[in-house]
Each structure stands twice: as C-alpha cells, then as structure tokens.
Amino acid sequence: MVKLYLTPSTRAGRVAWLLEELEMDYELEILPFTKEGLKSPEHRARHALGRVPVIEDGEVSIFESGAIIQYILDKYDHKGLKPSVDSDNYPYYLQWFHYCEGMVMPPMNQIVVQTVLLPPERRDETVLNQAMNLLSKSLYPVNQFLENKDYLIGDFSAADCMLGHSCYMANRFGSVSDEMGNIKKYVKNIESRPAFQKAIQLGNDNSDPLG
C-alpha cells in the first residue's frame with residue numbers, strides 16, 4: 001500500500017487528490033508545519049531537505065510531487081487520467097503538467113515566503129508585489145487555454161491535479177483577477193469534485209501554511 005507523507009496546504013495535496021480520484025487505499029501520515037514535524041531526523045531520512053510530499057510504496061521511497069504523480073499514474077492508473085501518447089491531447093497534457101512548476105509555482109513560492117515564512121520585519125513589499133504580478137502574468141495563458149473547457153484538456157486529467165491545484169491556491173492568494181473568468185470557473189469545477197474536497201481537508205486541523 002502507498003504511504004503518503006503530507007503537510008496541509010502544500011504540494012502534497014496534489015498527490016492526495018490523485019489518490020482519491022483513483023479511489024486507492026493508501027496510508028497517510030500528517031506532518032505538522034513545524035521544525036519538529038518536517039525537519040526531524042526521521043523525515044530528513046526520507047527527504048534531505050525536510051519537505052513534502054514523500055511517498056513510500058514497498059521498497060520505493062520518492063519525493064517531488066510531479067515525479068510522484070507520474071509514478072502513481074504509470075503503476076496504478078485505471079481511469080485514464082493520463083492520455084495515451086498517440087492522443088491529440090497528449091502534448092497539451094504534458095505542457096500544462098510541467099507549466100505548473102516551470103511558470104506558476106516560482107512566483108507562488110516567493111509569495112509564501114513573503115507572507116507566511118518570513119517574520120513581518122523581514123518581509124519585502126516590493127518583492128511580494130513583483131511576485132504577485134508575475135503570478136498573474138503566468139496565469140493569463142492558462143485562462144486563455146481554458147476558454148470553453150471545464151478542464152485543461154477537456155476531460156479531467158492528472159494535469160489538473162498539478163496545475164489545477166496551483167490555480168486553486170493562486171485564487172486563495174487573490175492572484176486570479178475577475179478578468180480571468182475561465183480560471184475562476186475552472187477553480188469552481190475543481191472545488192466541486194468530491195476527491196478534491198476530501199484531499200484538501202486532510203490534516204487541516206493541524207496547520208495551514210498556505211505553501
């Protein structure tokens with residue numbers, strides 16, 4: 001059975017969401033957003049930087065949300081959440097799957113640093129504004145592509161677990177303007193999915209780092 005190490009409101013939510021969509025039985029360990037939770041010797045043995053997500057599957061122990069999602073799809077996907085290589089949608093699935101970490105998450109990481117991780121006296125309003133602006137710019141191509149679509153490639157796919165989760169978080173940060181109506185609708189579609197609702201609530205009684 002797959003075991004997922006998760007801290008609420010982090011990229012680990014993507015993995016939990018996928019596991020819920022696949023209706024897989026899995027073991028969950030909640031790690032609080034604290035030094036004791038993430039930087040313990042036990043967890044550093046799983047991830048040297050003390051981060052999540054991490055999964056264990058038998059003898060396999062891997063981290064990085066995108067790699068984990070690809071691994072789970074290749075081994076356990078029975079719902080077609082990754083289109084076949086010869087599908088017309090496959091190139092766009094790949095594009096948006098990787099656009100998430102390449103373009104959307106770097107400014108979002110900076111927003112988390114400036115609003116959550118740094119103490120107030122060390123925060124830089126200029127850096128925060130630059131990151132907010134860059135995040136908004138990175139979302140405009142997504143908004144355009146979503147025109148007349150419920151999900152990124154039409155039907156729900158694992159690309160939505162990656163980029164859709166980030167769009168949801170960006171909306172929470174107030175970085176999705178009213179002009180980006182397609183993303184607003186997309187986020188509502190995501191929020192309506194029972195698997196997402198369950199995954200996003202996992203461990204939320206413990207902490208909410210918004211990271």
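Computed from the coordinates by the stated procedures, all read-outs in this text should not be read as laboratory data. The structure displayed is predicted, hence computed values, not measured ones. Virtual Cβ from ideal backbone geometry, glycine too; neighbours counted across all protein chains shown.
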Options W17, G37, I72, ranked by Cα towards positive dipole end of the chain, top entry (Cβ charges): G37
In cubic angstrom per residue, the convex hull of the range 71-113 built on its Cα atoms measures 91
Output the pairs from K3/K75; K149/K188; K79/K184 with a Cα-Cα distance over 18 Å in this structure; if there are none, say none. K79/K184
Rounded to 5, percent antiparallel among DSSP beta bridges of the chain: 65
Arrange the peptides 77-85, 195-203 so that the one whose residues have, on average, the most other Cβ atoms within 10 Å appears first. 195-203, 77-85
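By the scheme Lys and Arg +1, Asp and Glu -1, what is the net charge of all other residues having a beta-carbon under 13 Å from that of E27?
Spelling it out: positives minus negatives among the neighbours equals -3.
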The chain, Cα convex hull volume normalised per residue, Å³: 122
Per DSSP H run of at least 4 residues, take -39500 (n - 2.57); add these up for the chain, divide by its residues and hand me the 222 nm value, nearest 500 deg cm²/dmol. -13000 deg cm²/dmol
Under the definition of Cα pairs under 8 Å and six or more residues apart, what whole-number percent is the relative contact order of the chain? 29
Measuring from its Cα centre, the range 14-63 shows a charge dipole (+1 at each Lys and Arg Cβ, -1 at each Asp and Glu Cβ) which, in debye to the nearest 20, is 580
